[in-house]
Amino acid sequence: MNNSDLAEIHQKLEQLLRTKQYQTVIHQAEQALRSFPDDLHLLYLGAVAARYDCQFQVAQEFIDQLLNVDPSFGRGYQEKAHQLRDQHQLDPAYHYYQLAVRHNNALIAAWTEMVRAEQRRGDLVAAQISQQQLNYLSNLPKPLQVALDHCNEGRFVKAEKLCRLVLSKQPKNIEAMRLLAEIGIKLGAMDDAETLLNHAASWAPKNVRVRTEYVQLLRKRQKYEAALAESKALHQAFPENSQCLSIYAIELMQVGRYDEAIEAFNTVLAQQPNDPITLVSKAHALKTKGLQSEAVDCYRQAIAVKPEHGEAWYSLANLKMVEFNDAEVSQMEQLMSKRQALAGIDQTYLSFALGKAMEDREAFGESFRYYAQGCELKKQQSNYRGDAISDEVDRQIAHIDSEYAAVSGNGGAAAKDPIFIVGLPRAGSTLLEQILASHSQVDGTLELPNILALVHQLRRGDEQHPAGNYPECLKNLPTEALKEFGEAYINDTQIHRSGAPFFIDKMPNNFRHIGLIKSILPNAKIIDARRHPMACCFSGFKQLFAEGQEFSYSLTDIGHYYADYVRLMDHWHSAYPGEILTVDYENVVDDLAGQVSAILDYCELPFEAACIEFHNNKRSVRTASSEQVRTPIYRQGVDQWRNFEPWLTELKDALGVTYRR
């Protein structure tokens, strides 16, 4: 059977369900699942039919299988809640209704049941909040109700058509604009989404939700200065709204104003004591400032308030230097023993946290199982295609060759300010950044998005620079345009600097765009942070990234990505001989002084002892290595991957000859 057959089966079962032929639906759904065992709609229809027929055990089997296939399917949690409600298990039902609306906030039936449950429980504040959301959904035009449900369940094309239908009749319908922007964000149309939210926020200045989402999009696009200004205006417009203050605090963090952010979080906590989300946000700020013990206390306070808050557990694990005690490990295991009672994202957080806990206990088989489970949950949400990366590498090699490099070196901006650190995540780039940022002439910044934003601009094109196939289009750009791009980069990154003559841009994946960097900033320094392929790839595999790095959630994908990285870096060294410095992490561990001297010589900086004593630097560090770079260098992490070698055959195969380099 093929997909067209499956669509016919869906339609037939839906018709049978409408005519109350429940046993037939159950039987035919079971038959179809032999050919399509992971089809969500078959599982959902089987569960609904079994519940209507009061076959609750069968209904539970269908829905449990569905939620194992997709732990983020909101309608699945709603159906499980309905099953429990119909069996008069009202408290467990309420919990699953909460999970349902966390994953799909367009489920009117779930919100209705939540209002009833909260009124019955005497929680009138929660009932009022749920009623507000129910009223909001009920007042939406029917096409937008359906569009919102489509969007939450990943049916973006259908959702977009309905939004555009509404806007064709009501061009200033704020909710249609907001939802269309949400769809744009999920599909990567960031410029369109920003324009929509900008207009919507200006036309509806009292709409907190729209203005909040506009700030969040600006942050996502790493337009930190604009996001801060918008969040400040939002807080000033609604000074009594603690959510608006929290948003402002988060934007303060993005521009490095951590003391002000912590003060704002404290104000929110005075209004909403023990709010777990605010506690975790405050802990993030404390961690970034290097106040580890205070951060740990905040994370643990959030866990005490809400044990199933997975982000707090994972944030503790991600401190790297903290180990869970036996009671904490037992508590996490108990939570994961009832996985379906957790939201999908909390399952992911807890999987990675337990992976770290078991690794600390040297239970490496169990540890790998949890890491792999977390990666599988992440990969289910990803559309990553490794062949697209390989194709991009092929095109960089084919078009940005030595001949182009020689010519392009005459253009661009003359600035020598930037020091780019590239490579793969978990390759030691944060360590190199900390070493260089300890020098009096170098500012440490962030993983700056500016080069990636320029790549997106070149792919899209604009009035002055029509779109072309990147990187081929670089050959057609006049030297004035290259200089303009270089100067814009220097100007746009100024907000992250503190006055030193040089600054670091540590965006690892910029290795894919060294040809562009050398075209617009020919005098920039580029350091390739390199690590043993097995160590680097496995360290990435067991890391849950805040966003991006989708190649890391499969051993095969990350192995191929590393091989492509090495292949492309070999090409860059050939095209730009002597202009890129490769620094092996293992060499830094074995000979810190020698490697520091080599790095400073390459950057044309005088030696400073502070670079050797980098762990004494009190600067804020936001990456997963934030605590490790605040301690003296150690060899512990060099060969950690060998503890997991029995489970890494897939990675070795993917690396191929790169594994033996």
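The values are calculated or read from the model by the stated rules, or taken from the named source; none is laboratory data. Please read all numbers here as calculations on a predicted model, not as lab measurements. Cβ sites come from the backbone with ideal geometry, for glycine too, and all protein chains shown count toward neighbours.
Within the stretch 280-304, the set of residues being within 17 Å of S246 (Cβ to Cβ) and either at pLDDT below 90 or touching a strand residue (DSSP E or B) at 6+ places or on another chain (Cβ under 7 Å) (or both) comprises T288 only. The residues listed here are Q272, Q347; of these, the one that is surrounded by 18 or more Cβ atoms within 10 Å (Cβ to Cβ) and not assigned by TED's automatic domain parsing to the domain that holds D557 is Q347. Filtered by the rule that a residue be surrounded by 14 or more Cβ atoms within 10 Å (Cβ to Cβ) and either farther than 17 Å from A193 by Cβ or of a type in the set (K, R) (or both), the stretch 167-180 gives a lone residue, R178. On the stretch given as the stretch 305-339, residues that are surrounded by 17 or more Cβ atoms within 10 Å (Cβ to Cβ), part of a helix (DSSP H, G or I) and in contact with a helix residue (DSSP H, G or I) (Cβ under 7 Å, 6 or more places away or on another chain) total 13. Restricting the stretch 364-389 to residues that are small (G, A, S) and buried (at least 16 other Cβ atoms within 10 Å of the Cβ) leaves a set whose member that is nearest to F538 (Cα to Cα) is A372. Among the residues making up the stretch 131-152, a single one is over 15 Å from R102 (Cα atoms) and charged (D, E, K, R): K142.
Matching residues to (1) hydroxyl-bearing (S, T, Y); (2) under 19 Å from I527 (Cα atoms); (3) not in a strand (DSSP E or B):
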position: G548; (1), (2), (3): no, no, yes
position: F551; (1), (2), (3): no, no, yes
position: T556; (1), (2), (3): yes, no, yes
position: G559; (1), (2), (3): no, no, yes
position: R567; (1), (2), (3): no, yes, yes
position: D570; (1), (2), (3): no, yes, yes
position: L581; (1), (2), (3): no, yes, no
position: E586; (1), (2), (3): no, yes, yes
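Restricting attention to the stretch 307-328, the residues that are out of contact with any Leu (no Cβ under 9 Å at 6 or more places or on another chain), charged (D, E, K, R) and within 24 Å of H95 (Cβ to Cβ) add up to 1.
Yes or no: the stretch 223-239 includes at least one residue that is of a type in the set (S, T, N, Q), farther than 20 Å from L448 by Cβ and either surrounded by fewer than 20 Cβ atoms within 10 Å (Cβ to Cβ) or in contact with a Pro (Cβ under 6 Å, 6 or more places away or on another chain) (or both). Scanning the stretch 223-239, I find at least one residue that is of a type in the set (S, T, N, Q), farther than 20 Å from L448 by Cβ and either surrounded by fewer than 20 Cβ atoms within 10 Å (Cβ to Cβ) or in contact with a Pro (Cβ under 6 Å, 6 or more places away or on another chain) (or both), so the answer is yes.
Within the stretch 255-304, being of a type in the set (A, V, I, L, M, F, W, C), touching a Leu at 6+ places or on another chain (Cβ under 7 Å) and assigned to a loop (DSSP other than H, G, I, E, B) holds for one residue alone: V255.
Table: residues versus (1) in contact (Cβ under 8 Å) with a residue 12 or more places away in the chain; (2) farther than 27 Å from N104 by Cα.
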{"residue": "E323", "(1), (2)": "yes, yes"}
{"residue": "Q334", "(1), (2)": "no, no"}
{"residue": "A353", "(1), (2)": "yes, no"}
{"residue": "Y370", "(1), (2)": "yes, no"}
{"residue": "S382", "(1), (2)": "yes, no"}
{"residue": "D394", "(1), (2)": "no, yes"}
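Scanning the stretch 424-470 for residues that are farther than 20 Å from R512 by Cα and modelled with pLDDT under 90, we see that the one that is nearest to the chain's Cα centre (by Cα) is T445. Per the conditions (1) of a type in the set (K, R); (2) modelled with pLDDT of 95 or more; (3) more than 22 Å from V69 (Cβ to Cβ), the sole criterion not satisfied by R395 is (2). Within the stretch 545-554, the only residue that satisfies the criterion of being buried (at least 24 other Cβ atoms within 10 Å of the Cβ) and either among the hydrophobic types (A, V, I, L, M, F, W, C) or under 20 Å from V588 (Cα atoms) (or both) is F551. Filtered by the rule that a residue be more than 22 Å from I345 (Cβ to Cβ) and basic (K, R), the stretch 83-109 gives a lone residue, R85. Checked against (1) touching a Lys or Arg at 6+ places or on another chain (Cβ under 9 Å); (2) more than 26 Å from C375 (Cβ to Cβ); (3) part of a loop (DSSP other than H, G, I, E, B), S440 meets all criteria but (1). Residues that are within 22 Å of the chain's Cα centre (by Cα) and outside any loop (DSSP other than H, G, I, E, B) within the stretch 340-354 comprise G344, I345, D346, Q347, T348, Y349, L350, S351, F352, A353, L354, listed in sequence order.
If you take the residues of the stretch 45-88 that are in a helix (DSSP H, G or I) and of a type in the set (D, E), which of them is surrounded by the most Cβ atoms within 10 Å (Cβ to Cβ)? Residue satisfying both the conditions and the ranking: E79. Taking the conditions exactly as written (outside any helix (DSSP H, G or I), modelled with pLDDT under 90 and assigned by TED's automatic domain parsing to the domain that holds D584), does Q381 satisfy them or not? No; evaluated as a whole, the condition is false for this residue. With respect to the conditions (1) crowded, with 19+ Cβ neighbours inside 10 Å; (2) under 27 Å from the mean Cα position of the chain (by Cα); (3) among the basic types (K, R), K525 lacks only one, and its number is (2). Looking across Q331, Q373, Q301, one residue alone is under 17 Å from S72 (Cβ atoms) and not small (G, A, S). It is Q373.
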